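Chemist: Below you will find the structure I want to go over with you.
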Amino acid sequence: MMKRLGFGILLSAGVTLAGAAVTEKPDSAAVLASFTREEYRIPMRDGIRLFTVVYLPHDHTTSHPILLNRTPYDAFGKGRNVVGPSEFMMHDGYIIAYQDVRGRYRSEGTFEDVRPIITGLPSHPPTETDESTDAFDTIDWLVKNLPGNSHKVGLWGMSYPGFYATCAMINPHPDLAAVSPQAPIADWFLGDDAHHNGALFLMDEFYSGPAKVSPNDAYAFFMNLGPVANADRRYFHGKDQLWNNEMAHPNYDEFWSARAILPHLKLTQFGTATVTVRTPPATLVTGGWFDAEDLYGTIHTHRALSRLSTRKNHYFAMGPWRHGGWSSGPGNALGDLDFETSTAEYYRQNIEQRFFARYLMDNQTTEIAPVTTFFAGENQWHTFQQWPPSPATTATLYLEPGGKLGPTPPTGDESFVEYTADPAHPVPYQEKISGTRGTEYMDADQRFASRRPDVVVFQTPPLETDITMVGPIQCDLYVSTSETDADWVVKIVDVWPDFKSPNPPTGNGRDMRSLQTLVRADVMRGKFRNSFEHPEPFVTGQPTQVKFALNDVGYTFKQEHRIMVQIQNSWFPLVDRNPQIFCNINQATPSDFKKAQMKVYHDKTHESHFEYLQLK
């Protein structure tokens, strides 16, 4: 689900966005049996009122903590069947509140996508607002006005609501005791949704605009679209302000940095190491290893918050899930992969439920490991004291001549693999013909790509022992192009053995022999290899170092499997096409798109390699 919703939409109370119908379904019998539903318009410090639905437990014999969810996705319809983060927490004794954020659905004000944080709040004038002040003012009103509350508040949210959960931790309300940002947005230029390492995620951005097209074949549709500059002329007609802003800001400038939340997650918001002004709320960051939208945000939000956890109150949970896959359903399989256990139910009952009970219900006997993660491949849960876990050893895989991948640096003189990359025939991001982006590509079989002449492949021999990769994978490539720019897409792939006997395991009934399961992939827009603020062209034909990190992995490559690396220059139409000449791609014309001869080097002077952490 794409999260961009458009800038500058002014709503009055009771008015909905065009095309966004308000849910009118009645609450389920189970909800009505346990809760009384109330609706409020909570005033913010600037006078704007935010629509909030509150579910009050019928039990009045004790005080109840408050669990708050701030959403751009219609608070009116939330909680109809399940109240709270999950079915396991529905009857734990929480007051549950859902709120439309500013400018959405029944809330007043102006909505702004990934609204910038105002540095220095609350020292700014009292009427200045951002998402952190809106969260503060909401919590302040709830604890002062809701009957029977315990003055302890928790906040959770997944995806866009995960961003709002993170915002609440910046200058937090004193009664905010626990926060769970789940798959939160962190940076829309570096790694979430809109861009990865400066490369435009075309399908995400286009489909969420006002064009409302539903092609049957996205690859053909976007090839016919041509350069991205055609999108506004043909479909948006100036009506998509966020798209226009994206096109006007092709580099990492103040427009993008203002929407990056990570710099605001710092100790100065809570006090210094010697003078504690405010204890950071307990935090549980949750995400999926196969999340196609906000894996970057999950990993980097965890890293930022772990540095603040001076009281050991930060937790991190990752499982074998796509975007939001932990929030419902059993989670026992994903595509071809069978996990042999209900991973999502395990998370909801043994991690999420226990986390909020510990910090909102004062259930101090409820123990949670600082890090809990499920490794696909071996299908096992693991707990650690930190992430990446320690001890883990650094290991390196080098590209070698002949398509080999191994632990020994190459020793020969100049050596490379050469191929042609043609923007007129880009490499598809998935095998199936589809009009939608979907999320299946994050764990899909990659044989369709490894057989193309414009995808170079390196792989290890069959592994003699299991290898478990943990943490980020550092890519260090030496490449050249006959033109002046190129995208570099790197995939880490698990190659299943071609068993003869006995028969291999199957996932959802599929024959797994020779399967190439995608474990991690990402793109680096080459001109940003040294700086996202100041792009640079490649020197034609000159070997050039391109370094970038793939998002963290937690995956076990089993004995007899192979580790494969695939390298290519397009990932279409997931990512927009690079013309392969140095230019402002957002303004490129058809004549700018050029074939290029690409080289990937593997010799003693140009040691292309991948560095990762291996769990012992």
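The values are calculated or read from the model by the stated rules, or taken from the named source; none is laboratory data. Every value quoted in this text rests on a predicted model; they were computed, and no experiment measured them. All Cβ positions, glycine included, derive from the backbone under ideal geometry; neighbour counts span all protein chains shown.
Chemist: In region 551-616, which strands (runs of 3 or more DSSP E) lie fully inside it and hold 3 or more residues that are modelled with pLDDT under 95 and within 30 Å of Ala317 (Cβ to Cβ)?
Modeler: none
Chemist: Going by what's in this entry, would Glu400 be described as more than 23 Å from the chain's Cα centre (by Cα) and among the charged types (D, E, K, R)?
Modeler: Spelling it out, Glu400 is indeed more than 23 Å from the chain's Cα centre (by Cα) and among the charged types (D, E, K, R).
Chemist: Somewhere in region 269-278, is a residue modelled with pLDDT of 90 or more, under 25 Å from Thr166 (Cβ atoms) and either surrounded by 22 or more Cβ atoms within 10 Å (Cβ to Cβ) or of a type in the set (D, E, K, R) (or both)?
Modeler: Checked region 269-278: no residue is modelled with pLDDT of 90 or more, under 25 Å from Thr166 (Cβ atoms) and either surrounded by 22 or more Cβ atoms within 10 Å (Cβ to Cβ) or of a type in the set (D, E, K, R) (or both).
Chemist: Still on this model: Restricting to region 225-243, what's the tally of residues that are crowded, with 17+ Cβ neighbours inside 10 Å, within 19 Å of Pro428 (Cβ to Cβ) and more than 24 Å from the chain's Cα centre (by Cα)?
Modeler: Summing the residues that are crowded, with 17+ Cβ neighbours inside 10 Å, within 19 Å of Pro428 (Cβ to Cβ) and more than 24 Å from the chain's Cα centre (by Cα) in region 225-243 gives 2.
Chemist: Further question: When the residues of region 369-409 are narrowed to those that are part of a loop (DSSP other than H, G, I, E, B) and of a type in the set (Ser, Thr, Tyr), which ends up modelled with the lowest pLDDT?
Modeler: Among those that are part of a loop (DSSP other than H, G, I, E, B) and of a type in the set (Ser, Thr, Tyr), it is Ser390.
Chemist: With respect to Gly412, determine if the residue is assigned to a loop (DSSP other than H, G, I, E, B) and at positive phi.
Modeler: Spelling it out, it is not the case that Gly412 is assigned to a loop (DSSP other than H, G, I, E, B) and at positive phi.
Chemist: Something else now. Please verify whether region 453-464 includes one or more residues that are among the acidic types (Asp, Glu), in contact with a Gly (Cβ under 8 Å, 6 or more places away or on another chain) and under 26 Å from Met512 (Cα atoms).
Modeler: No, region 453-464 contains no residue that is among the acidic types (Asp, Glu), in contact with a Gly (Cβ under 8 Å, 6 or more places away or on another chain) and under 26 Å from Met512 (Cα atoms).
Chemist: When Val54 is evaluated against the numbered criteria (1) surrounded by 18 or more Cβ atoms within 10 Å (Cβ to Cβ); (2) modelled with pLDDT under 95, which criterion, by number, is the only one it fails?
Modeler: Result: Val54 fails condition (2) only.
Chemist: Further question on the same structure: In region 204-224, what count of residues is obtained for those that are at pLDDT 95 or above and buried (at least 21 other Cβ atoms within 10 Å of the Cβ)?
Modeler: So the answer is 2.
Chemist: Condition (residue is of a type in the set (Gly, Ala, Ser), farther than 19 Å from Arg577 by Cα and assigned to a helix (DSSP H, G or I)) applied to region 159-174: is it met by at least one residue?
Modeler: Scanning region 159-174, I find at least one residue that is of a type in the set (Gly, Ala, Ser), farther than 19 Å from Arg577 by Cα and assigned to a helix (DSSP H, G or I), so the answer is yes.
Chemist: Take region 296-337 and flag every residue that is part of a helix (DSSP H, G or I) and under 11 Å from Thr286 (Cα atoms).
Modeler: Result: Gly297, Thr298, Ile299, Thr301, His302.
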